[in-house]
1. Once the dipole of the stretch 34-189 is set up with Lys and Arg at +1 and Asp and Glu at -1 on Cβ about the Cα centre, which of Val149, Thr64, Ala132 lies farthest towards its positive end?
2. Kindly state, as a whole number, the per residue volume in cubic angstrom of the convex hull around the alpha carbon atoms of the stretch 5-153.
3. Can you tell which of Gln325, Gln224, Gln124 shows the greatest fluctuation in a Gaussian network model of the chain with Cα springs below 10 Å?
4. Using the beta-carbon distance between Ser354 and Ile145 and R0 = 56 Å, what value does 1/(1 + (r/R0)^6) give for FRET efficiency, to the nearest 0.05?
5. Tell me, in nm to one decimal, what length is gained between Met315 and Lys391 on full extension, where the rule is 0.36 nm per residue of separation less the Cα-Cα distance?
6. Give me Ile145, Ile330 ranked fewest to most by other Cβ atoms within 10 Å of their Cβ, as a rough exposure proxy.
7. Run the helix sum for the chain: -39,500 (n - 2.57) per DSSP H stretch of 4+ residues, divided by residue count, reported at 222 nm to the nearest 500 deg cm²/dmol.
8. Treating cross-link reach as a plain straight distance, find the lysines whose alpha-carbon is under 21 Å from the alpha-carbon of Lys46, omitting any fewer than eight places away in the same chain.
Amino acid sequence: MGKYFGTDGFRGEANVDLTVTHAYKVGRFLGYYYGKDHKAKIVIGKDTRRSSYMFEYSLVAGLTASGADAYLLHVTTTPSVSYVVRTEGFDGGIMISASHNPYYDNGIKIINGNGYKLEAEVEQLIEDYIDAEEDTIPLATRENIGRTVDYAIGRNRYIGYLISLATRSFKDLKVGLDLANGSATSIAKGVFDALGAKTYVIHSEPDGTNINRNCGSTHIDVLQKHVLENNLDVGFAYDGDADRCLAVDDMGNIIDGDLILYLCGVYMHERNDLANDTIVTTIMTNMGLYEALDRKGIKYEKTAVGDKYVYENMMMNGYSLGGEQSGHIIFSKHGTTGDGILTSLKLMEVMLESKAKLSTLIKDITLFPQVLINVPVKDKKAVQDDPEVAKEVETLHEQLGKNGRILVRQSGTEPVIRVMVEAKTEEICNQKANKIVQLMKERGHVLND
């Protein structure tokens, strides 16, 4: 990770860690970088945060000042920006979003001309330009100044593409959608309505400050209640920019990313559509998934946390399915990044083609209890480098043996350390996790304690 760019773009509190000046300079550099031998075309999407409009205008100012043309998709999803970039010949794309973070945070995700997240070496060049004392990029003048183009049609083409992927009508199915007051509000309901579903939508009225607030994939209990109260067949919850999806089955059970990988992986495996019979997972993946995949004869790979690492592994080895527990699921045949709405459609396909409810389809897999604590800290690196913390983690890990595991890692998107414990019982998980957190407090790492 760089000074500004983490595992998922440049993210921080709006006008505190990420300012309009930063956004302007990002636009200036990208307009110059992609426009060295032609007039660059960059497409921009945003989520519903109040600051997203501010950053959109700042990025446009920087891009056009460097001579690039900026095409605006307006409120849309991260995967839609990726789709438009790779299918319509853009030099790159920008998504303004802080994903699952609270409304006062925001972020700039940059997508290269192949529809994939920007290369680390180019991110470093942007950071160098932001911190440079002198601006060495020339300003465009006269007819070379860039223009801004309303490009809502690009988002509409993406919607059409999603609809085209469905294998059957959703008629007579009752589907719950938690849109998190975010990007999905511009797309999801329209897709499900067009496919014939009877949709029961919640959290679809963004006001700039309610994105992710007690809703969406980070508060899945709200959707669980919604599904049970309305006797729905299935429910889907998205995060702020809709690049992740979690589901709830007809019985109110949570279908997290690991279960989604299992359901889709087994379905694809049985139809000879799972490339190399392998699923790409991350180090956070539940041990129960691996046990279930072993029984089905499905192989798996493990990467660092982050859908960019999952996708890199998939491309390197030609795999067709990968993802994270958080609900970032990648179907490489259809996209280059996690896509929450696409994931919903794939789960609908599994249900319809299998002629079974999700609650029935998950009976063959049992996930281990898992506890995840996000600990706000003063310095993430200091925690990771603390020998006392490392020693405690090692000791507790040895105590678990083959019946569990412990992961302590830096978040790539927030100022927190994530402490994850997986074991045979939730009591053991909580006991081990709390020991680690307590030691971090005693060592002076934790904020506001």
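1. The residue sitting most towards the positive pole is Val149.
2. Details: hull volume 15.1 nm³, N = 149.
Each residue corresponds to 101 Å³ of Cα convex hull volume.
3. Most flexible of the set in this elastic network: Gln124.
4. Values: r = 56 Å, r/R0 = 0.99.
According to the calculation, E is roughly 0.50.
5. Between Met315 and Lys391, full extension yields 23.7 nm more.
6. Details: Ile145 14, Ile330 27.
So the residues, fewest neighbours to most, are Ile145, Ile330.
7. Values: 15 runs with 175 residues, N = 449.
Taken over the chain, the calculation gives -12000 deg cm²/dmol.
8. Lys46 reaches Lys25, Lys109, Lys117, Lys189, Lys308.
Every number here is computed from the coordinates shown, using simple stated rules; none is lab data. Computed from a prediction, not measured in an experiment: that's the story for all the values here. Cβ sites come from the backbone with ideal geometry, for glycine too, and all protein chains shown count toward neighbours.
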